[in-house]
1. Considering only segment 203-223, how many residues are in contact with a Ser or Thr (Cβ under 7 Å, 6 or more places away or on another chain) and either acidic (Asp, Glu) or within 17 Å of Arg148 (Cβ to Cβ) (or both)?
2. Test Thr172 against the criterion of being open to solvent by 10 Å² or more (accessible area, probe 1.4 Å) and under 18 Å from the mean Cα position of the chain (by Cα), and give yes or no.
3. Can you tell me how many residues within segment 61-82 are part of a helix (DSSP H, G or I) and either among the β-branched types (Val, Ile, Thr) or open to solvent by 80 Å² or more (accessible area, probe 1.4 Å) (or both)?
4. For segment 146-163, which positions are out of contact with any Lys or Arg (no Cβ under 9 Å at 6 or more places or on another chain) and among the aliphatic types (A, V, I, L, M)?
5. So which residues in segment 248-268 are open to solvent by 70 Å² or more (accessible area, probe 1.4 Å) and in a helix (DSSP H, G or I)?
6. Inside segment 88-129, can you point out the residues that are farther than 27 Å from Gly159 by Cβ, touching a Leu at 6+ places or on another chain (Cβ under 9 Å) and not aliphatic (A, V, I, L, M)?
7. Give me the residue from segment 212-230 that is surrounded by fewer than 14 Cβ atoms within 10 Å (Cβ to Cβ) and either part of a helix (DSSP H, G or I) or at pLDDT below 95 (or both) and, out of that set, nearest to the chain's Cα centre (by Cα).
8. Could you please let me know if Asp128 is out of contact with any Asp or Glu (no Cβ under 7 Å at 6 or more places or on another chain), at pLDDT 95 or above and among the acidic types (Asp, Glu)?
Amino acid sequence: MVGRGFVLEADEAQRLLDYDPRHAEIIRPHLNGRDLAAKPRGVWIIDFGQRGEEEARAYPVLFDLVRTRVKPQRDANSDRAARERWWRFARNREEFRQASHGLSRYIATPYVSRHRFFTFLDAAVAPDDTLRVIASPDAFHLGVLSSRIHVTWALAAGGRLGVGNDPRYNQTLCFDPFPFPAPPTELRQRIADTAEWLDAHRKQALARDERVTMTGMYNVVEKLRAGEPLTEKERAVHESAACGVLRDIHDELDRLVAEAYGWPWPLSDEEILERLVRLHDERVEE
């Protein structure tokens, strides 16, 4: 988690951005897992990244704010690095910062979520540690991760957490060992194009109607697949977000990703897992 002292409400962030255009290099929109699944809080953070103290002092207004709000708590911290580099986040995600340097966007998914979905975030967005992030701007990767094939693997490998027993996405279990397909260029592009369509469709729905959330859309898709009746609230989400089209996009993505593996489709969850485990083991041997 980012320390509370680094967090800015929207009005304060805007005021600080208006003070000095250079502040846009440090002040970043901030999202956590709930922001992605429900509605964003609209908060920002002061993020000096990996800058040293003298570099941070070059932004005096922001440096003083952090010194006032963060340093007193850090002075009592038992972690020497946190005490001595109080202007930086305690968990600064250096590995992700390096991997995502120069990218225009990256892929994110909530660590814990009732529905496992992946989306592109703008590179300017600073992710909370309740998000799992993948330093790739490639829509092909988004497409494979969003497919039922990967989601089935992730649900089996990741376990569950919390009062709602919701699935969690453990990267070392769900992402690192997952065997991606290696399709020919034309099919890879079709998967990428469909993934771009998926990402755009959901973002347009979120922007169009404040009642629409990722969780709400996928609750409707789940009921549509099961043939269950929708509540009045769900019918409103269905109409505004075109959840039938969302289901169709996922169906097309599933078919294309299965084709990328050279598999027939549809397959049961058990068949998907058997084939993925076999492919994983073959690649380990190689």
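1. Adding up the residues that qualify gives 1.
2. yes
3. Within segment 61-82, residues that are part of a helix (DSSP H, G or I) and either among the β-branched types (Val, Ile, Thr) or open to solvent by 80 Å² or more (accessible area, probe 1.4 Å) (or both) number 7.
4. Those that are out of contact with any Lys or Arg (no Cβ under 9 Å at 6 or more places or on another chain) and among the aliphatic types (A, V, I, L, M): Ala156, Ala157, Val163.
5. Asp248, Arg255, Glu259
6. Selection gives Arg105 alone.
7. Arg225
8. no
The values are calculated or read from the model by the stated rules, or taken from the named source; none is laboratory data. In this text, all values refer to a predicted model and were calculated from it rather than measured experimentally. Backbone-built Cβ (ideal geometry, glycine too); neighbour counts: all protein chains shown. Side chains are part of the model used for accessible areas, which takes the heavy atoms of the whole protein and leaves out ligands, DNA and RNA. Shrake-Rupley method; radii C 1.70, N 1.55, O 1.52, S 1.80 Å.
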